[in-house]
Amino acid sequence: MPNMLRDFTNNTDAITSQVSAFSQRFKVGAILRHCGAHKQKGIEVRKVFSYLSTLLFCGISMNRDQKTRKYGNMVKKDTCHRFLQSMKMDWNRFLSLLAKEIIDKDFRPICRNDCKGVQKPFFLVADDSSYCRNRSKKVELSAKNWDHALKRYYKGFRMLTLAWTDGVSVLPVSFCNMSTCDDTKVLRGSKGLTAKEKETFGFKIRKLAKQKMNDTLLDLLDVAAAANLQARYLLCDKWFANPVTIFAIRDKGYEVICMLKNSSTYYLYKGERRKLSQIFRMCAKEERLQRKLDRKAGNDDSKGRKFLFSAAISLINKDEKPNQESKIVFVRNRNKKSEYLAILCTDNSLSEDQIVEYYCSRWGIETMFHTCKSFLRLQKSTQSLDYSEIHASTAIVMFQYAMLSWLNRQNSDEIGFGELFYQLLEEVQDTALFHAIELVLTLFVETLASEYAMPPGKLNEAMNKFLKQLPERLKTCLDLAA
């Protein structure tokens, strides 16, 4: 995708035509109107949105473009700011409905099978990433946050994102630039809103930004459910892997596959409350004993497995409701082989290999974050101090990523080529079959000639007699192989 993006941004005409074609195919103008973007005066909303989307692809800021007048001959600066600062526009609903259109039209018909030969399901992926505004002091709702990757504090937001994936492509569904619920770490509070503005999406997203991240995730799942996005599993990292959140997610109709952290959380294992480290030690001991027995019997198959071992546990519900039976799969940490990784799945019908394969689909959202930050200039797309404008600019960047994801799928996924792919696949399979039949017959003739010293005439006569007794389908294959 990065190489495609570099070629894409070097041609302004290609950008404009692709944005226009993408918008027409997936009815972006109708979705904008459906989400609260209405024309008040002047230029159409669709043209303002198209201008902003094209501008970011061209790698030029709005201020610079307004001075050179290269791309924005019809759209003025104040028009763009009014559009981005609109409190009525529901950007999360816009992204979810756009994802729904792309999935239904182009992604859903293209399905793959997993390691067990079963059709692979669709997933929702939840994760957060840093949104830095270190040089700004007056950004609305900016806060002091901890970067877990760089191990340091930064000023800005934590961009909590919910995305859809089928294991190949990733589409953003909804997001929230999180501030913090700790008022001592908030650098700038929210601006005053009127009673009428408190009924809009702008007030709602500001309220979500001040909540705990796990609570906001549940609201983002409601956005995906309202758009009727087809997904069975929610994939998430260890930050969301506490029993309270998992029970709440399951109440919304999603099974959970998540990484576990070695914390003080207790799980019910073999009738007793145990920590994750205790479960690992017990399973490791049982695995060593079982492996010795398998080696003596000659049935040791542990070398070909993707996991160490698994354990059937129950999540303890503190609300006096039934406990949730789940499965924990322990995997070796490739970066430090003396440690392990634990993956929890609430769907006991999945095998250990399927759980590991499905959880690997979570990596797609990390690729999305990298592309948005490094190539789409997410953190530099706007220097506004208004929270609504920051949220709108982030949504436009995610719209761009959805477009790139769709283009990449159309150009690189062989299954997406349609009937041509299946004809090529059948031709390759038939060619392999013909070569196999030809090889078998050649070996058969050579064996007869060497073992029984048959003259060539007798050999050809016996061969023709054998071929005449074959079914018509095999005769056709042999004629093609010859």
Given (1) more than 19 Å from the chain's Cα centre (by Cα); (2) crowded, with 19+ Cβ neighbours inside 10 Å; (3) farther than 18 Å from residue 389 by Cβ, residue 209 misses just (3)
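Report yes if residue 373 is closer than 19 Å to residue 252 by Cβ and touching a residue at least 60 places away in the same chain (Cβ under 8 Å), otherwise no.
Details: closer than 19 Å to residue 252 by Cβ: no; touching a residue at least 60 places away in the same chain (Cβ under 8 Å): yes.
When the stated conditions are applied, residue 373 does not pass them.
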(Q) Condition check: crowded, with 18+ Cβ neighbours inside 10 Å, under 23 Å from residue 353 (Cβ atoms), in contact with an Asp or Glu (Cβ under 9 Å, 6 or more places away or on another chain) and in contact (Cβ under 8 Å) with a residue 60 or more places away in the chain. Does residue 107 satisfy that? (A) no
Checklist entry - Mind checking whether some residue in region 260-267 is touching a residue at least 60 places away in the same chain (Cβ under 8 Å) and among the charged types (D, E, K, R)? => result no
| Residue match in region 215-233 (condition: surrounded by 13 or more Cβ atoms within 10 Å (Cβ to Cβ), in a helix (DSSP H, G or I) and touching a Gly at 6+ places or on another chain (Cβ under 8 Å)) | yes
All-but-one check, residue 86 against (1) assigned to a loop (DSSP other than H, G, I, E, B); (2) at pLDDT 90 or above; (3) surrounded by fewer than 17 Cβ atoms within 10 Å (Cβ to Cβ); (4) not β-branched (Val, Ile, Thr), failing number (3)
By residue number, the members of region 145-178 that are over 21 Å from the mean Cα position of the chain (by Cα), assigned to a strand (DSSP E or B) and charged (D, E, K, R) are 147, 152, 155
Listed by first then second residue, the pairs whose first member lies in region 133-160 and is of a type in the set (Asp, Glu), whose partner is in a strand (DSSP E or B), with beta carbons under 7 Å and at least 6 positions apart or on separate chains, are 147/130; 147/154
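Could you list all residues from region 352-396 that are over 26 Å from residue 205 (Cβ atoms) and crowded, with 17+ Cβ neighbours inside 10 Å?
Here is the first cut: in region 352-396, the ones over 26 Å from residue 205 (Cβ atoms) are 352-361, 363.
Scanning region 352-396 gives 352, 354, 355, 356, 357, 358, 359, 361.
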Being modelled with pLDDT under 85, over 25 Å from the mean Cα position of the chain (by Cα) and small (Gly, Ala, Ser) narrows 30, 14 down to just 14
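The values are calculated or read from the model by the stated rules, or taken from the named source; none is laboratory data. Quick caveat: nothing in here was measured; it's all calculated off a predicted structure. Don't worry about glycine lacking a Cβ; one is built from the backbone with ideal geometry, like all the others, and counts go over all protein chains shown.
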